[in-house]
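Asks: Sharing a structure below in structure tokens format, with a few things to ask.
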Amino acid sequence: MMIWRTGGRSCRRRKNIEEEVAFFLEALNASQDAQRRTMLDLGSGGGSNAFLFKEHFDMTLVDLAPKMLDVSRTLNPECEHIVGDMRSLRLNRQFDVVFVHDAIDYMLTEEALREAIETAFVHCTPGGVALFVPDAIRDTFEESSDHGGRDGDGRGLRYMEWSFDPDDSDTTYTTHYVFMLREGSTEHVEHDEHMGGLFDRADWLRLLAETGFKTQTFVDPYEREIFLATRP
């Protein structure tokens with residue numbers, strides 16, 4: 001196992017998609033033994049990552065939510081889109097790269113995480129790689145918050161995001177989002193709550209190894225520990 005570190009962990013920075021994808025491409029190129037041309041994007045969401053990746057790969061995008069894929073089709077009409085669950089998907093074909101961004105956070109149990117890793121493995125060509133990008137692992141998880149907003153013509157928005165782990169004996173953490181919206185003299189507040197999976201580094205590495213992957217880990221510019229797994 002190799003651990004790449006990109007710098008100190010003293011602060012968190014707001015994510016920039018272009019910077020993220022550039023870093024992922026650098027990691028893939030550093031691990032590359034042969035030219036890689038195809039990518040399976042599991043949990044592709046609205047397709048913002050694919051919009052940048054498609055310059056480098058022939059993309060197949062998979063998401064559980066048909067409406068998210070509808071959004072992606074407007075951005076990426078040339079890409080293949082498939083409704084599917086990363087825990088059980090079987091396309092009976094293989095790809096040079098399998099990419100799993102923060103949708104992996106919806107794996108809330110070890111069994112669900114194992115199933116997603118197995119899906120990545122069976123869709124990887126021999127010598128291919130899978131890149132897993134969880135938002136957090138338990139070893140380095142810290143409570144955090146963020147806030148911001150902007151104003152427009154006669155309207156404005158303010159938001160707060162707060163992530164914390166209410167029970168360190170399980171494999172989840174919680175993020176709350178609060179939005180205050182103002183239009184003219186009218187205001188209202190929206191609240192949303194998300195639960196994400198939170199696993200030890202050792203558990204990640206064990207599950208990847210048991211599936212058959214050989215894994216490197218590294219820390220990206222946003223202080224996330226990322227798993228780059230090669231199928232022998």
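Asks: How about the range 64-94: which of its residues are in contact (Cβ under 8 Å) with a residue 24 or more places away in the chain, among the charged types (D, E, K, R) and more than 17 Å from LEU52 (Cβ to Cβ)?
Replies: ARG87, ARG90, ARG93
Asks: I've got another one for you. I'd like to know if the range 187-197 contains one or more residues that are surrounded by 14 or more Cβ atoms within 10 Å (Cβ to Cβ) and closer than 17 Å to VAL100 by Cβ.
Replies: Yes, the range 187-197 contains a residue that is surrounded by 14 or more Cβ atoms within 10 Å (Cβ to Cβ) and closer than 17 Å to VAL100 by Cβ.
Asks: Moving on to the next point. Just checking, does the range 122-140 include any residue being surrounded by 18 or more Cβ atoms within 10 Å (Cβ to Cβ) and more than 17 Å from LEU208 (Cα to Cα)?
Replies: Taking every residue of the range 122-140 in turn, at least one turns out to be surrounded by 18 or more Cβ atoms within 10 Å (Cβ to Cβ) and more than 17 Å from LEU208 (Cα to Cα).
Asks: Further, regarding this structure: Among (1) more than 16 Å from THR109 (Cβ to Cβ); (2) β-branched (Val, Ile, Thr); (3) touching a helix residue (DSSP H, G or I) at 6+ places or on another chain (Cβ under 7 Å), where does VAL219 come up short?
Replies: (3)
Asks: Could you check the range 91-116 and list, in sequence order, the residues that are in a strand (DSSP E or B) and surrounded by fewer than 22 Cβ atoms within 10 Å (Cβ to Cβ)? Steps first, answer last, please.
Replies: Residues of the range 91-116 in a strand (DSSP E or B): 95-100.
Within the range 91-116, ASP96 is the sole residue that qualifies.
Asks: For the list (1) exposed (fewer than 15 other Cβ atoms within 10 Å of the Cβ); (2) touching a residue at least 40 places away in the same chain (Cβ under 8 Å); (3) among the acidic types (Asp, Glu); (4) not in a strand (DSSP E or B), I need the number of the one condition that ASP146 fails.
Replies: With (1) exposed (fewer than 15 other Cβ atoms within 10 Å of the Cβ); (2) touching a residue at least 40 places away in the same chain (Cβ under 8 Å); (3) among the acidic types (Asp, Glu); (4) not in a strand (DSSP E or B) applied to ASP146, the lone miss is (4).
Asks: Would you check if ALA130 is touching a helix residue (DSSP H, G or I) at 6+ places or on another chain (Cβ under 9 Å), under 30 Å from LEU42 (Cβ atoms) and part of a strand (DSSP E or B)?
Replies: Answer is yes for this residue.
Asks: Every residue in the range 25-53 that is of a type outside the set (Gly, Ala, Ser) and at pLDDT 95 or above, please.
Replies: Selection gives THR38, MET39, LEU40, ASP41, LEU42, ASN49, PHE51, LEU52, PHE53.
Asks: Does the range 64-82 hold any residues that are within 23 Å of ASN92 (Cα to Cα) and hydrophobic (A, V, I, L, M, F, W, C), and which are they?
Replies: LEU64, ALA65, LEU69, CYS79, ILE82
Asks: What are the residues in the range 54-64 that are out of contact with any helix residue (DSSP H, G or I) (no Cβ under 8 Å at 6 or more places or on another chain), surrounded by 15 or more Cβ atoms within 10 Å (Cβ to Cβ) and either not in a strand (DSSP E or B) or not assigned by TED's automatic domain parsing to the domain that holds ASP96 (or both), if any?
Replies: Of everything in the range 54-64, those that are out of contact with any helix residue (DSSP H, G or I) (no Cβ under 8 Å at 6 or more places or on another chain), surrounded by 15 or more Cβ atoms within 10 Å (Cβ to Cβ) and either not in a strand (DSSP E or B) or not assigned by TED's automatic domain parsing to the domain that holds ASP96 (or both) turn out to be LYS54, PHE57, LEU64.
Asks: Now for a different question. Can you pull out every residue in the range 38-48 that is outside any loop (DSSP other than H, G, I, E, B) and either buried (at least 24 other Cβ atoms within 10 Å of the Cβ) or not assigned by TED's automatic domain parsing to the domain that holds ASP85 (or both)?
Replies: Listed by number, the residues that qualify are MET39, LEU40, ASP41, LEU42.
Asks: Over 22 Å from PHE24 (Cα atoms), acidic (Asp, Glu) and not assigned by TED's automatic domain parsing to the domain that holds ARG114: is that true of GLU210 in this structure?
Replies: no
The values are calculated or read from the model by the stated rules, or taken from the named source; none is laboratory data. Since the model is a prediction, treat every value here as computed from it, not as a measurement. Cβ: placed from backbone, ideal geometry, glycine included. Neighbour counts: every protein chain shown.
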